[in-house]
Amino acid sequence: MNEDTIFEKILKGEIPAHKVYENEYTFAFLDIAPINKGHTLVIPKLPTRNILSVDQKTFGHVMETVRFLAPKIKEATGADGINIGINNEPAAGQVVFHLHVHIMPRFIGDGKKLWPGKEYLAGEADIVLNSIKKLL
Ligand code: AMP
């Protein structure tokens, strides 16, 4: 299911990448089309589609690498802030089906917008809350 994504090819060294960092479980490299310079992707070495199927340990390793790198990327780029993002499934913008966390340097006035917020109509928050809580 997850074989032969472009990120597997990067892990195997079949296509080049600007490697930022690597440890036993994770690999980090510059995004080829950065939101700002220094935009980095952190991936698990184990092929895993996204957060909807990743196991707890693998995700823990990925997020530990994100935690380790984020302040260093902020300092190195002179960014004012950092967005952390994961797109899961096409409806959420996922294009490469190997879990990856975006570390995105942000600058005051860089013009990038966060997603717009909607409003709940009366009762809608409780309905969705109950649906979520039933599964916990
Ligand atoms: P997503 O929409 O979350 O699946 O994001 C995929 C990301 O992978 C995009 O931001 C792309 O710019 C990035 N990307 C695709 N191919 C490469 C590559 N060969 N090297 C580095 N980043 C890539």
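All of the numbers you see were taken from the coordinates with simple rules; none came from a lab. From a predicted model like this one, the values you see are computed outputs, not experimental measurements. In this analysis, Cβ positions are derived from the backbone assuming ideal geometry, glycine residues included, and neighbour counts consider all displayed protein chains.
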Contour excess over end-to-end distance, with Cα ends at Leu114 and Lys19 and 0.36 nm allotted per residue: 31.5 nm
Cα-based helix-to-principal-axis angle, 56-77 vs the chain, degrees rounded to 10: 70 degrees
Separation between Cα centres of the range 87-103 and the range 2-21, rounded to whole Å: 16 Å
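How large is the dipole of the chain about the Cα centre if only Lys and Arg carry +1 and Asp and Glu carry -1, each at its Cβ, rounded to the nearest 20 debye?
On the way: 16 positive and 16 negative charges, 44 e Å.
Dipole magnitude for the chain comes out near 220 debye.
How high is the relative contact order of the chain? Use alpha-carbon pairs under 8 Å, at least six apart in sequence, and give a whole percent.
Working: 181 pairs, mean separation 32.7, N = 136.
Relative CO of the chain lands at 24 percent.
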Options Ile32, Ala79, Leu136, ranked by Cα towards positive dipole end of the chain, top entry (Cβ charges): Ala79
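Write down the Å³ per residue value for the convex hull defined by the alpha carbon atoms of the chain.
Values: hull volume 18.9 nm³, N = 136.
Dividing the Cα hull volume of the chain by its residues yields 139 Å³.
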Thr48 long-range amide H proximity, modeled H, under 5 Å: Leu99
J(HN,Hα) series, the range 4-17, from Karplus relation 6.51 cos²θ - 1.76 cosθ + 1.60, nearest Hz, glycine and proline x: 6, 5, 4, 6, 5, 5, 5, 4, 7, x, 7, 10, x, 8
For Asn83, residues with placed amide H under 5 Å, excluding near neighbours: Met104, Arg106
